[in-house]
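Comments concern the structure below.
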Amino acid sequence: MTFLELVKKRRSTRKFRSAPVEREKIERCLEAARLAPSACNGQPWRFLVVESAPLRQVLAEAAFSGIHSMNAFAKEAPILVAVVTLPTRTAASFAGLLRRFSYPLIDIGIACEHFVLQATEEGLDTCWLGWFNEREVKKILKIQKGERVHVLLAVGCGSDWHIEEKKRKPFDEVAEFR
């Protein structure tokens with residue numbers, strides 16, 4: 001599969017089967033994320049893989065209840081990955097303050113995209129989740145002060161449901177040459 005074919009194949013999945021996921025596949029996804037570039041090589045991330053069913057249920061219940069219930073589908077995923085953003089002390093942190101810009105968030109985005117693309121290569125389905133109860137997630141996972149959980153990734157095998165064609169703006173609308 002070419003890279004462009006991989007990108008076209010990757011979708012956000014909102015319906016998961018209960019089938020277990022082989023740890024080796026998750027390890028390759030984590031390795032892909034670990035190898036992602038980051039500003040000043042800060043690598044401001046840690047990936048917490050929640051595969052234990054009891055912990056996953058407690059985490060999902062707390063993360064996706066109340067005003068966050070639109071993402072309740074993630075409770076079905078056999079794996080949840082909490083992407084922890086670590087505090088950084090690099091030149092990028094200083095530059096980010098000057099520009100009022102968060103380089104660690106971009107770094108996390110790149111690492112997460114590496115993860116989900118590798119997951120697609122592995123035959124797994126994923127969904128990025130940014131809308132969840134971070135305070136409860138941090139409490140349950142014992143996240144340290146100063147660290148954030150900006151992303152949860154739901155990972156598993158999607159159920160056999162009809163997937164619509166990706167709807168994207170036309171090429172000429174998003175790109176131009178000058």
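Worth a mention:
- Helices (runs of 4 or more DSSP H) within the stretch 41-150 that include 1 or more residues more than 27 Å from ARG28 (Cα to Cα) and over 16 Å from the mean Cα position of the chain (by Cα): 53-63, 91-99, 134-141
- Counted residues, the stretch 56-76 - those being surrounded by 14 or more Cβ atoms within 10 Å (Cβ to Cβ) and in contact (Cβ under 8 Å) with a residue 24 or more places away in the chain: 12
- Within the stretch 1-19, the set of residues being loosely packed, with under 12 Cβ neighbours inside 10 Å and in contact with a strand residue (DSSP E or B) (Cβ under 9 Å, 6 or more places away or on another chain) comprises SER18, ALA19.
- The stretch 151-176: number of residues that are aliphatic (A, V, I, L, M) and assigned to a helix (DSSP H, G or I): 1
- For the stretch 31-47, the candidate set comprises residues that are among the aliphatic types (A, V, I, L, M) and crowded, with 17+ Cβ neighbours inside 10 Å; within that set, the residue that is nearest to VAL149 (Cα to Cα) is ALA33.
Residue by residue, here is whether (1) surrounded by fewer than 18 Cβ atoms within 10 Å (Cβ to Cβ); (2) at pLDDT below 75; (3) within 21 Å of LEU153 (Cβ to Cβ) holds:
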{"residue": "THR85", "(1), (2), (3)": "no, no, yes"}
{"residue": "LEU98", "(1), (2), (3)": "yes, yes, no"}
{"residue": "TYR103", "(1), (2), (3)": "no, no, yes"}
{"residue": "ALA111", "(1), (2), (3)": "no, no, yes"}
{"residue": "CYS127", "(1), (2), (3)": "no, no, yes"}
{"residue": "TRP131", "(1), (2), (3)": "yes, no, yes"}
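- Test: residue in the stretch 22-39 that is farther than 29 Å from PRO87 by Cβ, part of a loop (DSSP other than H, G, I, E, B) and either in contact (Cβ under 8 Å) with a residue 60 or more places away in the chain or not aromatic (Phe, Trp, Tyr) (or both): yes
The values are calculated or read from the model by the stated rules, or taken from the named source; none is laboratory data. These numbers were taken from a predicted model, which means no experiment stands behind them. Because the Cβ atoms are built from the backbone with ideal geometry, glycine has one as well, and the counts that use them run over all protein chains shown.
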